Amino acid sequence: MRAFPVTMRRMPRPWVLSALALCTACAAATSPPNDPGGAPAATASASASASACYAPEPGPERRRWFIDSKRVGCEGEGVRECLRARASATEEWSLFYRTIEGFTFEPGFVYELELEAVPAPDAPADAPTTRLRLVNILSKTKETP
């Protein structure tokens with residue numbers, strides 16, 4: 001079964017044309033505006049198109065995690081206790097082997113946390129390429145038996 005009727009697939013999509021035009025303009029720009037050491041933009045229109053093409057570097061990725069009320073035994077780098085975590089309230093709990101900078105776990109509470117994934121350029125080859133840092137405790141709820 002086809003996802004779209006034949007007539008729908010052949011209709012021009014305005015967003016495709018806009019993206020193509022932006023990509024063409026960005027490819028023509030040689031350096032970001034005010035780039036020291038880069039070639040200056042030749043005209044005002046070239047400068048305007050260059051500033052549209054060079055967006056600021058994206059910030060750290062933010063994630064929302066739920067942390068269970070107790071630690072459990074796990075094996076990673078030897079036997080230890082790990083947190084249990086999930087990305088949404090409807091998922092099953094899974095072992096969480098990593099540490100969260102700025103977060104102090106208190107047993108007996110379920111947490112909803114906003115975390116930031118910060119690049120870790122000096123991480124060993126067998127370690128994650130990001131560090132997790134606490135941005136905000138969105139909720140801290142006493143576990144109900």
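Structure above, values below:
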read-out	value
Matching residues, segment 64-113, being touching a residue at least 60 places away in the same chain (Cβ under 8 Å) and assigned to a strand (DSSP E or B)	Arg64
Residue within segment 110-118 that is over 21 Å from Pro60 (Cβ atoms), of a type in the set (Ser, Thr, Tyr) and at pLDDT 95 or above present	no
Residue count, segment 52-82 (criterion: at pLDDT below 60 and loosely packed, with under 14 Cβ neighbours inside 10 Å)	4
Hey, Leu138 in contact with a Phe, Trp or Tyr (Cβ under 7 Å, 6 or more places away or on another chain), at pLDDT 95 or above and of a type in the set (A, V, I, L, M) or not	no
Residue that is farthest from the chain's Cα centre (by Cα), among those in segment 96-114 that are surrounded by 15 or more Cβ atoms within 10 Å (Cβ to Cβ) and farther than 18 Å from Arg133 by Cβ	Phe109
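The values are calculated or read from the model by the stated rules, or taken from the named source; none is laboratory data. Here the structure is a predicted model, which means the values were calculated and not measured. Heads up, the Cβs are rebuilt from the backbone with ideal geometry, glycines too, and the neighbour counts pull from every protein chain shown.
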